[in-house]
Amino acid sequence: MSKLTTLTLTALLLAMGNAEAQTTLRALADAKGKLVGTALPSQYIDNPASMPSGYQPTLANEFNVYVSENSFKMSELLPNAPANPFDVQISDLSTAKIDTLVARARENGVGMIRGHALIWHTQAPSWLTTSVTGWTSDQITAFATSYIKAVVTYCKSINDAVDAPVRIYEWDVINETIDKTTAKDKKRARRSAAKSSFGYRTGTWYDGVADRQAFIDAIFRAARNADPNLRLVYNDYGIEFYGSPKCNFMLNMVGGMVARGVPIDGVGMQCHFQGPDTSGAGGFSSSNAEKFRQTFAALRALGLEGIVTELDLWLQTDSATTEGKVTSQQLALQGDQYRLIVSTALSEPNCPALVLWGFTDAYSWIPWAWPGWGHALPFDRSYAKKPAYEGITNAIKALPAVVENKASSSTTTPP
Ligand code: XIL
């Protein structure tokens, strides 16, 4: 072999090696017809130039769907009291927040955005929590439905633009409205037939609605009326494992909605999971995986999608206050557990998307929200890939070439 041929061959092999090394989550997921996404902190959305240099390339390379970690919450979209709170208008909204995320997606060649979240008990504007105490049940519903109509109609105008490069294809219509029943609720429940340990969350700004389920039905209908093509999702944590009381309540709730013809397309399972502790014990087990699989199956039987909306897998650190250190054994186990979670979810035909709640440990809510835990995401603080990245990659690679993305009797097709 001539020297030149050897050199050419070497260059070719190197190039092939690089191509393999450069395979990204996004490329792998595209090939399997799945969405793999990340939440974006407001700091990035508002000012990408302020981020460390490793942030942007990793973001742009790795993900094909974005969600705003905070910017689409009501405190951001409706910071000031509207002239008529019972008939919220698009002009009352801070639509610039929406435009900015759409612009970031466009810059990165990402066409899909999940909206999170229209109605939530927290991160509501302070003008609302103050005024709502004087409103009637009908007024609370009028506020919520007109707010949803305004936001969804605005997003629809973006989606409907000719050749729209970016679509806000889905919204979490209500977030975390199921909770453990309080002692007071339990007392009330003892007098009635409903004795579940879970029920509709209390202590919310919308506690004043007379019939909570009628309120939920009304807000989903408002969203569907404003945009018939929008995917509508119920989102919550702690509902992932079939057979748990909270999962049961959720399945009954969404099952009832389906039976009444209320428009709902899927359930978002947040998937904020505790991983291995400092001794390497605990985390996402194969028996969790089986129960997780059964939840997807139960949703499928209702004609609903199951979406992984906020995945992170936390490690217990050696410090109870600041984000301390973890062991290489914990990181390896985290990789195995990420693989199991991702393969369980994305193997299901009614799971079209898996979204991480951020991608780098440098921007993760875990260390400050859950002191003593951290290191929850697939890239470390310096944007180096952790074993978790490998776990996710391997899970996506092992999926069948075409996993049919559908619920059994979904009314609208995903984009
Ligand atoms: C969290 C964000 O990550 C934080 O930055 C913010 O301060 C509080 O909210 N469930 C949800 C998300 O639905 O909106 C939450 O996000 C995490 C838990």
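Data for the structure
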item	result
Zone of residue 56's modelled label, taken as backbone nitrogen in segment 69-111 under 19 Å from a point 7 Å along Cα→Cβ	100-111
Charge dipole (segment 138-295, unit charges on Cβ, about Cα centre) - positive-most of 200, 286, 145	200
Label-point separation, residue 80 to residue 319 (7 Å along Cα→Cβ), nm	4.2
Helix axis angle, 137-159 relative to the chain longest principal axis, alpha carbon, degrees	30
Nearest-ten-degree value, helix 286-301 long axis tilted from longest Cα axis of the chain	60
For segment 235-354, accessible area per residue (1.4 Å probe, heavy atoms of protein chains only), Å²	33
Bridge type composition, the chain - antiparallel percent by DSSP, nearest 5	15
Gyration tensor (alpha-carbon) shape descriptor, the chain, a/c threshold 1.5	prolate
Cα-projected label distance for residue 91 with residue 287, points at 7 Å along beta-carbon direction, nm	6.0
Where trypsin sites (Lys or Arg not before Pro) fall in DSSP loop in segment 280-351, at most 14 other Cβ within 10 Å	325
Fraction of accessible area attributable to carbon and sulfur, the chain (%, probe 1.4 Å)	55
Degrees between helix 96-107 axis and first principal axis of the chain (Cα, 0 to 90, nearest 10)	20
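The values are calculated or read from the model by the stated rules, or taken from the named source; none is laboratory data. Only a predicted model underlies this, so the values are computations on that prediction, with no experimental measurement involved. Cβ coordinates were reconstructed from backbone atoms using ideal geometry, including for glycine residues, and neighbour counts include every protein chain displayed. Heads up: the accessible areas ignore ligands, DNA and RNA and are worked out on the full protein's heavy atoms, side chains in. Shrake-Rupley method; radii C 1.70, N 1.55, O 1.52, S 1.80 Å.
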